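Colleague: Dropping the structure in here first, questions after.
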Amino acid sequence: MSTLSVMLETPRGRVAILACRVLVAVVFVWAGLPKLLDAATFAEDISNYRLVPEALVGVLAVAVPVLELTVAAALLSGIEARGAAVVAGMLLLGFTAGMLQAMARGIDLSCGCFGAATDAKVGWPSVGRNVALVLASAIVVVAPHVPWRARSGDGTAKDRSAP
């Protein structure tokens, strides 16, 4: 058992795991909802990165926020939280790669991270935020199984699987 696993099994570790889940989930709701409500603006943001063919921009403008909100729901509910954290990490790595290529190519643009709700520019602060969120997602992925305690109808405790 790794040192990290032992640390995460402590009461403080369990709080850290929950905090990471909630942090990533809240950011994904904050990011996904405005993009879903204004898919046209998000489509422009995607197009500005000059990474995907125009034929895919509209599909991505709807699919990405739906996926972000689905991941957030899974992280908040604890249902398949590890899988959701893997997807969150992969999305964040993809977003970060897009930002880095834009920076390398000298493309000055709004990151589109939170739709039209904020006008965050692509830059090192955005990359740093994503790296921190990838690390939070990784903690959820590598965390030991930590069941939630729930009461059954007869008042006895039972485990409900959620890392």
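Colleague: Cut-off is 10 Å between beta-carbons; in what order do 17, 79 appear when sorted fewest neighbours first?
Modeller: Result, fewest neighbours first: 79, 17.
Colleague: Still on this structure, I have one more. Cut-off is 10 Å between beta-carbons; in what order do 9, 54, 68 appear when sorted fewest neighbours first?
Modeller: 54, 9, 68
Colleague: Working out 0.36 nm times the residue gap between residue 37 and residue 119, then minus their Cα-Cα distance, what length gain in nm do you get to one decimal?
Modeller: Using 0.36 nm per residue and subtracting the Cα-Cα distance, I get 27.9 nm.
Colleague: Using 0.36 nm per residue, how much length does the chain from residue 93 to residue 66 gain when fully extended, once their Cα-Cα distance is taken away?
Modeller: Between residue 93 and residue 66, full extension yields 8.0 nm more.
Colleague: Shifting gears a bit: Can you give me the distance in nm between label points at residue 79 and residue 19, each placed 7 Å from the Cα along the Cα-to-Cβ direction?
Modeller: If labels sit at residue 79 and residue 19, their model points lie 2.8 nm apart.
Colleague: Give the residue list of trypsin sites (Lys or Arg not before Pro) in region 75-140 that are DSSP loop and have at most 14 other beta-carbon atoms within 10 angstrom.
Modeller: Here the trypsin sites (Lys or Arg not before Pro) that fit, given the DSSP loop and packing criteria, are 105.
Where a number appears in this text, it was derived from the coordinates with a stated rule and is not lab data. What you are looking at is a predicted structure, and each value in this text was computed from that prediction instead of being measured. All Cβ positions, glycine included, derive from the backbone under ideal geometry; neighbour counts span all protein chains shown.
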